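Laboratory data are not the source of any read-out in this text; all were calculated from the coordinates shown. Quantities reported herein were computed from a predicted structural model and do not represent experimental measurements. All Cβ positions, glycine included, derive from the backbone under ideal geometry; neighbour counts span all protein chains shown.
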Amino acid sequence: FVAYRGQTELLGPLRKIELYEMGWNLKDGLRECLVAAAPYGGPIALLKGHYRRSPSARPQLEIYSSSGLPLASFPWKSGVVKQLGWTVSDDLLCVQEDGTVLVYDLWGGFKRHFSMGNEVSQSQVLETKIFHSPYGTGVAILTGALRFTLATNIDDIKLRRLPEVPGLQEAPSCWAVLTQDRQSKVLVANGSQLFILDNTACTPVTPPGLSPQASSIVHMCVSFSYKYLALLTDSGHVWMGTSNLKEKLSEVDTKIKTPPKQMAWCRRPKSQQPSAVVMWDGLLIVVGECKETIQYHLDDDSVLVPELDGVRIISGTHHELLQEVPGACEEIFKIASMAPGALLLEAHKEYEKESQKADEYLREIKEQSLLSEAVRQCVEAAGHEHEPETQKTLLRAASFGKCFLSNFPPEQFVSMCRDLRVLNAVRDYTVGIPLTHTQFKQMTVQVLIDRLVYRKLYPLAIEVCRYLKTPEYQGVSRVLKHWACYKVQQKEESDEVIAKAVSVKLADAAGISYSEIATKAYESGRTELAIKLLEFEPRSGEQVPLLLKMKKSPLALSKAIESGDTDLVYTVVMYLKNELNRGDFFMMLRNQPVALSLYKQFCKHQEQDTLKDLFNQDDDHEELGNFYVKASYKDQRLEARVALLQSAVDEYYKAKNDFSAKTTEDEMRLLRFQRKLEEEKDEQLVGFSLQDTMTTLLSVGLHKHAEQLYKDFRVPDKRFWWLKLKALAEKEDWEELEKFGKTKKSPIGYLPFVEVCIKHHNKYEAKKYVSKVTPEQKVKAHLAVGDMEGAAEAAIERRNESEISTVLSRCSATTDHLLMERLNRAKATAVKK
Amino acid sequence: MAHTEWKDAPGLPDFSLLKRLARDQLIFLLEQLPGKKDLFIDADLMSPLDRIANVTILKQHEVDKLYKVELKPIVSSSDQLCFLIRPRIQTVKWISDLVNADKVAGRFRRYKIIFTPQKFYACETVLEEQGVYGDVTTDEWNFYILPLDDDILSLELPEFFRDNFLEGDQRWVTTAGSALRLLQSVYGSFSKVYGIGRCAKMVYESWRELMEDGEQRTRQPEFAKVFLVDRDVDFVTPLCSQVVYEGLVDDLFRIKCGSVEFGPDVTSSDKSIKVMLNSQDKVFSEIRNEHFSNVFGFLSQKAKNLQTAYDKRRGMDIQQMKAFVADELKGLKQEHRLLSLHIGASESMMKKKTKQDFQELLKTEHSLLEGFEIRECITYIEEHINRQVSMIDSLRLLCLLSITENGLLSKDYRSLKAQYLQSYGIEHLLTFANLRQLGLLEEQQAGETLTVMESKVGKLVNDKTVGKLTDAFSSLAKKSNFRALSKRLALVPKSGEEYDLRVPRDMAYVFSGAYIPLSCKLIEQVLERDGWTGMEEVTRMLNGQEFAVTGGSSSSEARSKTDAQRIVLVMFLGGCTFSEISALRFLGKERGCRFIVVTTAITNSSRLLEALLDNSA
């Protein structure tokens, strides 16, 4: 029957897959090395000669890919390293004895360093653990003072010193970091006692059903997902349970009482079986649910790397993956399996041999109507296989099965084929990222592309993007951007060459942000290159922040204006305001009207005085005048108002705007006049317009004062007559009105007199003025007082056709019969003429 | 001649979707501040908000009490305050003061500012300067467009006009761009974009950039063409008295956010009634585009019809009566109610508008448009000012005079200005400064000298450069060139001919046959020519800045005959009047296409000029 090919070894419910024969050449294997391997098939860091503490021989730090290809190597010159570890974004952390953490990229480039606090550096680091949580990569430290300090996210360091563990006299026998309830906690074993430390308290806990023989917990490990916990006691028992210590899953006796080198969970997500791997020198024991353990021998010093769905074992020569056999694979490859997938695989095999047995197998599956299940199983199993040949066999079988199904959704099959192609490519020895399908799905394509980019495998990354049809914006363009960011840091090439290369490569890629690339160039000290690159940025708005950073403020300002985004202009203006001295700032604004008007807007609301200064600087006397006028009517006090108006007058004269100056002077006079009168006569006047003032005066009978204003302010006759007419009529002072009408010839004629009387229903008075009206308005006047005869008379006299018609239209046929005849006759002659 | 349905006219897209989008986002934002909260709303956002989410919806999302922003100290006992405001410095300052006052009083509250339609950096600067940046959370409610009617979309940003054209503050440009982008993402892309004006150009640019940034979705477009026009391209139209029913209602009663409040003189009761004015109102939709002289006749006909419909009851048997009550009566009642309102309104209108003064006012306007008897007009305006008839109307006539005459003679300018100031106070010096800046009211001399210089220079160099020089000069002088434009585009029909307002023959009917709105004429011409070719001289007189761009969807040729191709989106930057909308509806009917008007706000002469007053303390 079918069995696993060469490099896969079955160990009961587990399988061990050989990933790589390591490409490195280590003389002493991993002995005496400090080793750290990143999860998800990440890089491996070795600090060689770390345990030899002679001042002459410096330890060597080496970084390799998972397949053992060298990425970096350099002598370690800093302090004593306690622990190595990788961050979620493939950066190397080196925790030193004094609590300083140095961060390197995967090419060995130093990035930055940070300290874990004074307390740590004083009492020195005893032990360190680097852990990953949804909040990033964290560092936990046990100090010489037997206190824990931890930081949950090294990109946003907030140091937390955990409470003291009661009764702790010497280093705890073992400890681990847990992430529970959105908090990182430390689980500490002191002999047989177990404590959970969180921010505020130290709580003693007891694992349920821990065998009583144990007097001390010597080792512990938490699963990849932080859900499960395994404890190893000095009696050799492994207790497995949930990490909240509420439930026990199993307990197994390893029968070995020496402390192990390492322990790790080996469990795939959703699996029902707990299993942990314990490693001693040369020996590996897998413990699970049953009492039996699986043991096997290790030739070499090895390191366990826990993964989401298994454990990787790295030795001086080999790199293997130990994992529970995936369900689908087990179903298919189990000896004498009758699972639909297994039958389909067999059917396909027979079909290739052109044997009719194929049909028998197929029929058997179809009879149970399990064909679609069979196809699914084969596809899924293919995903879990590392050998391309096995993958192909399974996928072919699936494809074969699919032929006999209608309406089977093709997506799963298609995407699996794609995924596998990508996985096989990155698992390649030269790339060395041994991801399983489960891990790949968990980490997502985006992250995988990031990792490839980080390894400078740009062509492969682009190919993956294109192959998986990742939207250009997130895929190819992103890779190209990273490539360009890397490119601009190559110091040996000239600005021109790089700028050209970048623009050629990125030309037709959508959504490229040149400003980001330019920022990189600027950060690596190449301002000129950055400016060149910014020129390629089509959105001028994007150029602005960097230009500001590079202190190219005039350019930034004009780019912001070019972008048409006022908000951006505003940002620059505000930046400049704080950056430059006032004089320079104003000068710069002067050349940019858009920015200037924007700033004026702001000043209008926020800084009135600045506004004045701005006008002053520009010698804009006109605007200054307006400014003072505006200020004047905001002020309630008369003296202040007059003073402000005086300033306005001065400015208007400077602006050669005599008109405004004069008007403003008049206003000052008017204000004074109003004030005086207010005091004398107790009438509310201040702030009224000239007209309103006169109206008020006339209405209260202060004719003399009104006359005075009329003369002083050279009010046009017409206006005054209108005013007085209206005021007198309103008071129905007909006598005065008549007198007024006779003072001199009315500049507005006498028709208004007639109309105003009619308006106040005084036909008698109205008639007095009809005779004075000019001939052109006679008809109207007669009509207004309702004198049809008079109107007709006037119209006929003037022989004006339209006037005659107007009168006609007002005549009523019953009463004015004769009149109408006359009018019609006159109209006829008028028309003839 | 009521035209209820345009024959052969394409259907319009469903704009209620925009309301739903806005509502959903608002609810999402309100839920970001869980628990009971008091909501403070900018006064001018109240009506638009009401159209999107009424009080019931707000209460459902734990809004406890609603307040209007009044820039005064508040009385609220809530621990959570939410502010829904336009991004104005003043309002933000007020909020900062509030927060600081609470701090002094040792009161702890949570504050959230929701800016709509967008946040401005200036506002955040204020928060920062006032030291409350950390105490307040801010958000954006991207409520760009309020559909006022089937074919009117408004940005409800009246300040756009002043900010952009007077203050030179272009912050709203991106807002307008975003609004277009929103329309595009919901209703599909456009095949062609035309525009005229500086702001129009900037809006287009901003829109184009937004399009490039985002993902492209190609789908069947629901509009064919877009026309962007700046308000300052045509100031004459909004300055004229409106005589089409809807415009007249706006002039007299002020339509606010698609609804109007009819006072007691209209309702003939002691109550005011608020009425929504849109195509849902069957009576209104038939008279909105009519010249007001026709409206009364139409309404009385309608009343008769209604009576006939009621009269049907007589002689019905029980069964028929039952059907009548069930099916028709409610509709009739509704129609009855609306009819009596509109009759009331037009009565009140007639009372005001058939009076002598209004006729004379119209006559003066028409003379100005025709350039006829200018002296008499000036005398009329003088009298108007002297008698303090109306502050805004006087100003309006002055502006019309200045624009149509390319500025006032120095003597007239000074005397009219002096008289105006005497009538209405010296603070109008600033108003005049504003009007001059916008080119609405100018002294002639500068323009004159330029013309002289121009012609002198013109003789020295060849024709081609003359154009350029004139460009330069005219942009300096900002001349209106109205007279020349009017001649070239035949905006003013020949006088003397009778114009039957019952059967309009062109868009001039919206101004009693005296004038075709320049803005609408431009749109008509450009659509007819499919671009600006042949209109070089016109655009030169309008200070250029015209453009025509073919849109992204190259396959537009293939479906050039679909309905969508006959829908034209016109965006007015700085506001548009109901008269213009009526004129465009008429044009659409003539050409078998439909216009959708997008505007920064509905405007009219009063709103336009009030925005330029500077007498507010």
Of all C-alpha pairs within segment B:298-449, those more than 17 angstrom apart amount in percent to 71
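Work out how much length A:THR774 to A:ARG112 would gain on full extension: take 0.36 nm times their residue separation and subtract the Cα-Cα distance, in nm to one decimal.
228.5 nm
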Just add up the charged neighbours of A:VAL101: K/R +1, D/E -1, any other residue whose Cβ is under 13 Å from the Cβ of A:VAL101. 0
If you project the alpha carbons of segment A:731-809 onto the principal axes, what extent comes out on each, in Å, largest first? 38, 24, 15
Quick one: net charge around A:PRO775, please, counting Lys, Arg +1 and Asp, Glu -1 for every other residue with C-beta under 13 Å from its C-beta. +1
For segment A:149-155, in residue order, the Karplus 3J(HN,Hα) values (coefficients 6.51, -1.76, 1.60; θ = phi - 60°; whole Hz; Gly and Pro = x) are 10, 9, 10, 6, 9, 6, 7
Count the net charge of all other residues whose Cβ sits under 11 Å from the Cβ of A:GLY41, scoring Lys and Arg as +1 and Asp and Glu as -1. +1
Report the paramagnetic label zone for A:GLU679: residues of segment B:412-434 whose backbone N is under 14 Å from a point 7 Å from Cα along the Cα-to-Cβ axis. none
What three numbers, in Å, describe the spread of the alpha carbons of segment B:88-152 along their principal axes, ordered from the longest? 51, 21, 17
In deg cm²/dmol, rounded to 500, what helix-only [θ] at 222 nm does chain A give when every DSSP H run of at least 4 residues adds -39500 (n - 2.57) and the total is split over its residues? -14500 deg cm²/dmol
Inter-label distance, nm, simple model (7 Å from Cα along the C-beta direction), A:GLN490/A:ASP620: 5.2
Under 5 Å between amide H atoms, partner at least 5 residues away or on a different chain: which partners does A:LEU69 have, H built in plane at 1.01 Å? A:GLY23
Dipole check, the protein assembly as shown, charges on Cβ (K,R +1; D,E -1), about Cα centroid: among A:THR393, B:GLN130, B:ALA490 the Cα furthest to the positive pole belongs to B:ALA490
Just to check I understand the Karplus step: with θ = phi - 60° and J = 6.51 cos²θ - 1.76 cosθ + 1.60, what whole-Hz values come out for segment B:102-108, glycine and proline as x? 4, 4, 4, 7, x, 9, 9
Cross-link reach from B:LYS274 to lysines, straight Cα distance under 18 Å and at least 8 residues apart if same chain, gives B:LYS256, B:LYS282, B:LYS333
Hey, what did chain B get for relative contact order, percent, Cα under 8 Å, at least 6 apart? 20
Relative contact order computed over chain A (Cα-Cα under 8 Å; 6+ residues apart), in percent: 5
Nearest-0.05 FRET efficiency for B:ARG540 and A:PHE713, computed from C-beta distance (R0 51 Å): 0.70
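Under the rule of -39500 (n - 2.57) per DSSP H run of 4 or more residues, summed and divided by the residues of chain B, what mean residue ellipticity at 222 nm is obtained, to the nearest 500 deg cm²/dmol?
The helix contribution divided over chain B gives -15500 deg cm²/dmol.
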Burial order of peptide ranges A:815-823, A:211-219, A:405-413 (average beta-carbon count within 10 Å, highest first): A:211-219, A:815-823, A:405-413
Expressed as a whole number, the average count of other chain Cβ atoms within 10 Å around the Cβ atoms of B:125-137 is 1
Tell me, what is a quarter of the convex hull surface for the C-alpha atoms of segment A:714-758, in nm² with one decimal? 2.9
Based on C-alpha coordinates, I'd like the Rg and Dmax of segment B:1-104, in Å. 18.5, 68
What residue among B:LEU408, A:GLN124, A:TRP86 has its Cα farthest toward the positive end of the dipole of the protein assembly as shown, where the charges are +1 on Lys, Arg and -1 on Asp, Glu, each on the Cβ? B:LEU408
Amide H partners (placed H, <5 Å) of A:HIS237, local residues excluded: A:THR254
Paramagnetic label zone (point 7 Å from Cα along Cα-to-C-beta, B:ASP24; backbone N under 17 Å) in segment B:48-89: B:52-53
Using the alpha carbon gyration tensor of segment A:446-514, what are the three equivalent-ellipsoid semi-axes (square root of 5 times each eigenvalue), largest first, in whole Å? 21, 14, 8
Spatial separation of Cα centroids for segment A:189-225 and segment B:89-114, in angstrom: 50
Write down the radius of gyration of segment A:621-717 and its Dmax, each obtained from C-alpha positions, in Å. 14.0, 42
Can you report the principal axis dimensions of the protein assembly as shown using only the alpha carbons, biggest first, rounded to whole angstrom? 139, 82, 73
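Restricting to the protein assembly as shown, what percent of DSSP beta bridges are antiparallel, rounded to 5?
Bridges in the protein assembly as shown are about 75 percent antiparallel.
Please give the contour-minus-distance gain from B:SER16 to B:ARG314: 0.36 nm per residue of separation, less the Cα-Cα distance, rounded to one decimal in nm.
Using 0.36 nm per residue and subtracting the Cα-Cα distance, I get 103.1 nm.
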Rounded to a whole number, the Stokes-Einstein D of chain A in µm²/s (Kirkwood radius over Cα pairs; 10 °C; 1.306 mPa s) is 43
Under Karplus coefficients 6.51, -1.76 and 1.60, residue-wise ³J(HN,Hα) of segment B:293-306 in Hz, glycine/proline x: 5, 8, 4, 5, x, 4, 5, 5, 4, 4, 4, 4, 4, 4
What does DSSP give for segment B:113-235 in terms of the percent of beta bridges that are antiparallel, rounded to the nearest 5? 25
Of all alpha-carbon pairs in chain B, indicate the percentage at a distance above 42 angstrom. 29
So, with points 7 Å from each Cα along the Cβ direction, the A:SER216-A:GLU801 label distance in nm works out to 13.0
Roughly speaking, what is the centre-to-centre gap between segment A:88-122 and segment B:587-617 when only Cα atoms are used, to the nearest Å? 65
Taking the alpha-carbon centroid of each part, what is the distance from segment A:268-305 to segment A:571-621 in angstrom? 73
Peptides B:424-434, A:304-314 ordered by average Cβ neighbours within 10 Å, highest first: A:304-314, B:424-434
Within segment B:36-170, the percent of DSSP beta bridges that are antiparallel, given to the nearest 5, stands at 15
List the residues whose amide H sits under 5 Å from the amide H of B:GLN80, counting only those 5 or more places along or on another chain, with H placed 1.01 Å from N in the peptide plane. B:ASP38, B:ARG110
